[in-house]
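Report on the following structure.
The values are calculated or read from the model by the stated rules, or taken from the named source; none is laboratory data. Just so it is clear, the structure is predicted and the values come from calculations on it, not from any experiment. Every residue, glycine among them, receives a Cβ derived from its backbone with ideal geometry; neighbour counts consider all protein chains shown. Side chains are part of the model used for accessible areas, which takes the heavy atoms of the whole protein and leaves out ligands, DNA and RNA. Shrake-Rupley method; radii C 1.70, N 1.55, O 1.52, S 1.80 Å.
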Amino acid sequence: MKELLSGNAAIARGAYEYGITLAAGYPGTPSTEILETLSRYEGIYSEWAPNEKVALEVGIGAAMAGARALVTMKHVGVNVAADPLFTVAYTGVNGGLVLVSADDPGMHSSQNEQDNRYYARFAKIALLEPSDSQEAKDMVGLALTISEQYDIPVMLRTTTRVAHSQSMVELGEPVAREIKPYQRDVKKNLMVPAFGRLRRVSLAQRMARLAEYSENTPVNFIVPGSDKIGVITSGISYQLVREVLPEAAVLKLGMTNPLPVGLIKKFAAQVQTLYVVEELEPYLEEQIRMLGIKVTGKEIFPDTGEFDQGLLRRCLAKAGVLPAPAGQEEMLAGLPQAPPRPPVLCAGCPHRGVFYTLRRLKLTVTGDIGCYTLGGLPPLEGIDSCVCMGASIGMAHGIDKAIPELRGRTVAVIGDSTFLHSGITGLLNAVYNNSDSTVIILDNRTTAMTGHQDHPATGRNLMGHEAPEVDITMLCRSLGVKRVEVVDPLDISRLQEVIKAETAAPGPSVIIARRPCALLKREVRPAVTVDQDKCTGCKTCLRLSCPAISVIENKALVDAGACVGCNLCVQVCKTGAIQGGQADA
Amino acid sequence: MLKPVDVLMVGVGGQGTILASKVLAAAARAAGYDIKVSEIHGMAQRGGSVVTQVRLGEKVYSPLISQGEADVILAFEELEALRWLAYLKPGGTLIINNQQIYPVPVLAGAAQYPENIIDQIKARGINVQVLEATKQAIACGNAKAANVVLLGALAQKLPIEEATWRQALAATVPPRFLEVNNAAFTAGFTAATGSGAGC
């Protein structure tokens, strides 16, 4: 039976069909739906871990003990998991271990577009790259087989257009879920230097055997075609090449670490001109060049952003390989530019009051990863910087220590899920090193940006069971923070008072701005109204960047359908023109 | 031999583009097409611009539609039609819901919502079909069914039987909304032929 599945759903299906019994991960676009889908299959234990490092360690433990395990994350998550990753290649596995890295060329929903194929090569593990949903499912099975036969973890690397595109998948029956026996083997699994050195040699041997396998694996294959143009490609680029150059001979690489050197040489000898088509870095191109083979790649194709067939056609036309595509200038001439439609904090979002207040107090704000990063955009402009998950607290501490003038004027903002992911150690450091930092934990009781996943402070787990709820206030106190305040971020005057007091106070402080995500807990409160006589059209309310408010012909206008009655605008309106329903209890 | 068709659905987060693409995919599959569907939805619920790409054919390779390649653009909102118009192929059709949703830069007075978008597009000789999908959906019982009104209009352009569409709708939409959605589909379907006013 065939079904239309996204790449992510197909990977989850693969986990079900190929006997995986444990899966762990941390949500991150475009990887999130793998675990969400997988948690609905019988016979697989699945969990959200607080971060990717922990998720991989859970997977390593399960595989070491003999189970087939799957670990999922987005590309930047592998940075967090890199520490155990580089050593698990040494120990190897017992049951198969698959690490899904979902990369995001074009940065549809990410802070960078790193090419994680290099991680597989750097960490010396096998790498598979599916190019559609069918391959995504099949390669889960292949990855497990390789992992167990060669005693190595396997990275299954997708990109956004594989993860979030749907294509037809042939469904199969699940195999029996067998657990291999666990055997204590300290020389293999306990990486002190003396044993590590032995495993280093073993790793080189395993990689050499894998290189032989790569020559013959059915996922590395040649699509016959004209000998004038040959293309070596992998992942989604394969689909684009088949469409743009239907006549060309293609070497499609499904396994891209280690590379099939012999197959590449054989293919190169068959064609007159050889191209490498790959998104992002010249990963294949550089290795092929090192074989002494002449190829054209990044001279004509960009090394940034996402590819589509139009872009390939334009690049190939510029290089004289294809005729120039017809323009549509005439059709579009003279049409106005569409103004941008950036994503914004939702109407009623509890973070809005915090950013409005931070901006009013003209504080320096180090930010973090989540919906609230949108609070940095105009007109809220409440965040100065954002680097990676958990970085806000360390950065604020760094500013505090390095620049005395900014001390007391700097705050870190971080979401609840992000705080539990990697903010705790930052806060511990701030306490340990006697920081004067103020940290605001934007606690909306969920992981909102990726679609409301649970975390250790929500009281539920991925399998839908009740779970113990971390008390963030107590956690901060136990880390040694003496000043911990909980405030309602929709109460602006109280919020402002607390922020002023805590930034002025010496030593580390934590403000927990707590209010559930507006999409999670739809509180029914009456929409605000505007007294047209009192409104002077001053536009102060617009600074909230609320999608429900506009000012038309010098009068504020509230879209009653969009307004959720959070009453923030009531508090910022200077003339009392905006009036709330009931004040929220 | 099934002629390949590329459909781009564009709108604002929350308008139901993703559900519409699911119904189209289900109908196309039942009609024997190979299908690829691609969507970017991470920011959708935060009111951003949303685009879904549906490609149909005997064999589809790329999941993406490039600039100048879409046979049909189904626009759920006027500004989004303008934004994605470069993706329409010469001779292609734009089906547009005459609804305007102001983005925040416009609400904040930092940008202007262009005037007379539909007339300006028509003036370029582009094949445009305008629907009052939101109005018709309200008449059918639920403003949210505007996406299915648009699908009804799209159905007139594709070689897929009406019964197949109805089955796809029934398989995709929750049962309690099926009646409203069936009416919405009829409204779009008949509006597209000019034979009726729908609900």
(message) Regarding segment B:37-58, can at least one residue be identified that is part of a helix (DSSP H, G or I), within 7 Å of chain A (Cβ to nearest Cβ) and at pLDDT below 95?
(response) yes
(request) Considering every residue within segment A:162-180, establish whether at least one is under 23 Å from A:LEU263 (Cβ atoms), at pLDDT 95 or above and under 25 Å from the mean Cα position of the chain (by Cα). (result) yes
(message) Please list, ordered by residue number, the strands (runs of 3 or more DSSP E) wholly in segment A:1-105 having 2 or more residues that are closer than 30 Å to B:ASP34 by Cα.
(response) A:2-6, A:69-74, A:97-103
(request) List every residue pair whose Cβ atoms lie under 9 Å apart, where the two residues are 6 or more positions apart in sequence or sit on different chains, the first residue falls within segment A:302-323 and is within 13 Å of another protein chain (Cβ to nearest Cβ) and open to solvent by 40 Å² or more (accessible area, probe 1.4 Å), and the second residue, located anywhere, is of a type in the set (S, T, N, Q) and in a loop (DSSP other than H, G, I, E, B). (result) A:ARG313/B:SER66
(message) Can you go through A:SER435, A:SER392, A:SER422 and tell me which one is outside any helix (DSSP H, G or I), among the hydroxyl-bearing types (Ser, Thr, Tyr) and in contact with a helix residue (DSSP H, G or I) (Cβ under 8 Å, 6 or more places away or on another chain)?
(response) A:SER435
(request) For segment A:528-549, state whether one or more residues are open to solvent by less than 30 Å² (accessible area, probe 1.4 Å), within 12 Å of chain B (Cβ to nearest Cβ) and assigned to a strand (DSSP E or B). (result) yes
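Just to be sure I understand, how many residues within segment A:528-539 are within 38 Å of the chain's Cα centre (by Cα) and at pLDDT below 95?
Going through segment A:528-539 one residue at a time, the tally reaches 1.
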(request) Answer with yes or no whether A:SER131 is in the same structural domain as A:LEU156 (by the TED database), part of a loop (DSSP other than H, G, I, E, B) and surrounded by fewer than 24 Cβ atoms within 10 Å (Cβ to Cβ). (result) no
(message) Could you tell me how many of the residues in segment A:358-379 are surrounded by 24 or more Cβ atoms within 10 Å (Cβ to Cβ) and more than 24 Å from A:SER110 (Cβ to Cβ)?
(response) 1
(request) Go through the residues of segment A:340-352 one by one and say whether even a single one is more than 13 Å from chain B (Cβ to nearest Cβ) and in contact (Cβ under 8 Å) with a residue 60 or more places away in the chain. (result) yes
(request) Run A:GLY451 past the list (1) at pLDDT 95 or above; (2) in contact with a helix residue (DSSP H, G or I) (Cβ under 9 Å, 6 or more places away or on another chain) and report the number of the one that doesn't hold. (result) (1)
(request) Give segment B:88-113 a look and list any residue that's buried (at least 17 other Cβ atoms within 10 Å of the Cβ) and at the interface with chain A (Cβ under 9 Å from one of its Cβ atoms), or say none. (result) B:LEU88, B:LYS89, B:ILE101, B:TYR102, B:PRO103, B:VAL104, B:PRO105, B:VAL106, B:LEU107, B:ALA108, B:ALA111, B:TYR113
(request) Filter segment A:464-522 for residues that are touching a strand residue (DSSP E or B) at 6+ places or on another chain (Cβ under 7 Å), open to solvent by 30 Å² or more (accessible area, probe 1.4 Å) and farther than 21 Å from A:GLY348 by Cβ and give the result. (result) A:GLU466, A:ALA467, A:ARG477, A:ARG483, A:GLU485
(request) Output the number of the condition that A:ALA65 fails; it satisfies all remaining conditions of (1) touching a residue at least 40 places away in the same chain (Cβ under 8 Å); (2) crowded, with 24+ Cβ neighbours inside 10 Å. (result) (2)
(request) Please go through segment A:27-46 and pick out each residue that is touching a helix residue (DSSP H, G or I) at 6+ places or on another chain (Cβ under 7 Å), open to solvent by 40 Å² or more (accessible area, probe 1.4 Å) and within 21 Å of A:HIS421 (Cα to Cα). (result) A:GLU33
